[in-house]
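Step one of this worksheet: look at the structure below.
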Amino acid sequence: MKKKTKATICIFLVLVIALGITAAVQLSKSPIGSSITITAHTKAPQVFIAHRGFSSVLPENTLPAIEGAVNEGFYGCEFDIHTTKDGIWILNHDSNIDKMTDGSGDIKEYTFEELQEFTIDNGNGIENYPEMKLPKLSDALDILKNSDVIPFIEIKGYDPIAFASLLEIIDEYEYSDTAVIISFDMEALLGIRELNKDIKLMYLTNNLTKEDVDICKENGNIGVDINGGNIFKMKDALSYAEECGLETAAWTVDIPLHADLLNMFGIKHITTNRITP
């Protein structure tokens, strides 16, 4: 075979592979129904929690994303919260506003009213939402209260004074029996547990250990919510958590086959950007 012909074939193969990768990336960003999973056809199918709201279509941690999770019929809606300088709980993933708005700086350095001077200018579908502002936690719960969607509220850091106000808001919206507070910070969860012995808590972790499980069990059955990509590294600790009667969940799972794999390990609660109920 001539060198020129070989070179042409190589170029063609490279183009095919590049197109395949591009298609896969685009597919990974588009919503896909959970009906194609194996578990959807069992007596105890997995349930899906919208990550930062319905974030594959709508700007994350915004009211439209919360509404999207409700409209799609998700089991739960996860979102992140921080407190402002004047103690108002607002939705945002990062501790600063740099990523999602046209402003910059730490949330704790601004009052809520000062933050309203900035506009959310990032996220999927943002072009449809001009002049959108950072929302309060109470506004998100106001949307969810008329649905069956369970709020999964992720807190960052340890602030016992703010935790008291958080629990008051959850109680005001009558979510004390159903809402789930989640965090990577075990100290924060234990601080919440001191204030409320019954509210549901889940520990987020990239590397669950049996020692973590013991702490969760000893402090009012705190559930465990693991990085789904690290399942094999944590399978022994996860089995131990199930033996201890702890609820288990995994994040962020965007491929149905991955969800099926996690189902084999007994994980029924799946946080996802794109797999719809």
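The values are calculated or read from the model by the stated rules, or taken from the named source; none is laboratory data. In this text the structure is predicted, and so the values were computed from the model without any measurement. We place every Cβ from the backbone using ideal geometry, glycine too, and count neighbours over all the protein chains shown. Accessible surface areas use protein heavy atoms only, side chains included; no ligands, DNA or RNA. Shrake-Rupley method; radii C 1.70, N 1.55, O 1.52, S 1.80 Å.
Points to keep in mind about this one:
- J(HN,Hα) series, the range 66-77, from Karplus relation 6.51 cos²θ - 1.76 cosθ + 1.60, nearest Hz, glycine and proline x: 5, 4, x, 5, 5, 5, 7, x, 5, 5, x, 10
- Solvent-accessible area per residue, Å², over the chain with all protein chains present [probe radius 1.4 Å]: 50 Å²
- Within straight-line reach of Lys29, meaning a Cα separation under 12 Å, sit the following aspartates and glutamates at least 8 residues removed in sequence or on another chain: Asp254.
- The order of the peptides 36-44, 266-274 by mean Cβ neighbours within 10 Å, most packed first, is 266-274, 36-44.
- For peptides 60-66, 129-135, sequence by mean Cβ density within 10 Å, most packed first: 60-66, 129-135
- Out-of-range pairs (alpha-carbon distance over 26 Å; input Lys99/Lys145; Lys145/Lys210; Lys43/Lys156; Lys108/Lys197; Lys136/Lys200; Lys197/Lys268): Lys99/Lys145; Lys145/Lys210; Lys43/Lys156; Lys108/Lys197
- Segments 207-216, 174-183 sorted - mean Cβ within 10 Å per residue, highest first: 174-183, 207-216
- Enclosing the Cα atoms of the chain in their convex hull gives a volume equal to 168 cubic angstrom per residue.
- Sulfur and carbon atoms: percent of accessible area, the range 151-277 [1.4 Å]: 50 percent
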